[in-house]
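Trainee: Please find one structure pasted underneath; my questions will follow.
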Amino acid sequence: MLDFVKMQAAGNDYLYFDCLNSAIKEPERVAKELCPRRFSVGADGIVLIEPSKVADAKMRIFNSDGSEAKMCGNAARCVAKLLFEKGYARRSHIRIETLSGVRDVYLTVKDGRVGLITVDMGAVIAVGEPYFLCARGEKYEVRGFDVGNPHRVGFARDVDALPLDCIARAGEGDAHFHDGVNTEFYEVVGENRIKVRVFERGSGETLSCGTGACASAAAAVLSGECERGATVRVLMRGGELAVRFDEDMRAYLTGDAQRVFEGRVEMQN
């Protein structure tokens, strides 16, 4: 039997497993069996919270197809909240080890309850030269970014009308990221406000993506559509996230994290 907590952050939902005292075998299989919506528990993926020698805990992320992701800003907020609530790290500053390095997470705590959470996402690095994607008679400029995992970001006048296959195609045949990329398209909807749709490798279109929010905000800042020193409000289909950059394009991602329910599942041999 496996105990889990389902959590969501801006609609990005994962099943979280406390592996600090016991390991889970074949997490790839667990993800593929538990994540299909309508046929199982349903989630974008699973997250294992494991012991770490360099941080308060280690976070491992497996997408719904069983592939392992390096980093997820939304999941990092959920892990930090769980560590605080379970008493493993009863502090407002929590450090989480990921495959992209250790991330510092800062919790807003009032009366013992966790509110907004900020993750130091590290520097957002532009990768390669911008290129143009032609789809259904339209031309879109697309740029590459490294946010601890790979992203391709394009601009669209109306992201809601953008065909899903166009979003997915933005990362095809990428010369810099051979293992596939996450792709986003953004639309400017106000002063320092953008609307974003995201297609994550291993999961398909999701309601939100923390690293994708940072990559999209970086694209808007570098193109001059948003101010570098301002907080960029990123509207995703699952909710709103806030991204702020310092002068070195280091990103700080802020949002909440919510428990959905707790459960126990028996895996079939």
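Trainee: Mind listing whichever residues of the range 92-140 are surrounded by fewer than 16 Cβ atoms within 10 Å (Cβ to Cβ), within 18 Å of the chain's Cα centre (by Cα) and at positive phi?
Mentor: Across the range 92-140, the qualifying residue is only Gly101.
Trainee: Go through the range 234-268 and give me each residue that's hydroxyl-bearing (Ser, Thr, Tyr) and closer than 12 Å to Ala10 by Cβ.
Mentor: Of everything in the range 234-268, just one residue is hydroxyl-bearing (Ser, Thr, Tyr) and closer than 12 Å to Ala10 by Cβ, namely Thr254.
Trainee: Let me ask something else. Just a yes or no: is a residue in the range 197-217 surrounded by fewer than 19 Cβ atoms within 10 Å (Cβ to Cβ) and more than 17 Å from the chain's Cα centre (by Cα)?
Mentor: No: zero hits.
Trainee: Mind checking which pairs have a first residue in the range 66-86 that is in the same structural domain as Asp104 (by TED's automatic domain parsing) and a second that is assigned to a helix (DSSP H, G or I) and basic (Lys, Arg), Cβ under 8 Å, 6 or more apart or different chains?
Mentor: Gly66/Arg29; Gly66/Lys32
Trainee: Let me ask another. Name the one entry in Ser223, Ser203, Ser208 that is out of contact with any Lys or Arg (no Cβ under 9 Å at 6 or more places or on another chain) and not assigned by TED's automatic domain parsing to the domain that holds Thr98.
Mentor: It is Ser203.
Trainee: Could you grab me the full set of residues in the range 188-226 that are among the aliphatic types (A, V, I, L, M), modelled with pLDDT of 95 or more and not in a helix (DSSP H, G or I)?
Mentor: Within the range 188-226, Val188, Val189, Ile194, Val196, Leu207 qualify.
Trainee: How many of the residues in the range 231-269 are charged (D, E, K, R), out of contact with any Ser or Thr (no Cβ under 8 Å at 6 or more places or on another chain) and in a strand (DSSP E or B)?
Mentor: So the count comes out to 6.
Trainee: OK, next. Among (1) in a strand (DSSP E or B); (2) buried (at least 21 other Cβ atoms within 10 Å of the Cβ); (3) among the charged types (D, E, K, R), where does Lys6 come up short?
Mentor: (2)
The values are calculated or read from the model by the stated rules, or taken from the named source; none is laboratory data. In this text the structure is predicted, and so the values were computed from the model without any measurement. Please note: Cβ atoms are built from the backbone with ideal geometry, for glycine as well, and neighbour counts cover all protein chains shown.
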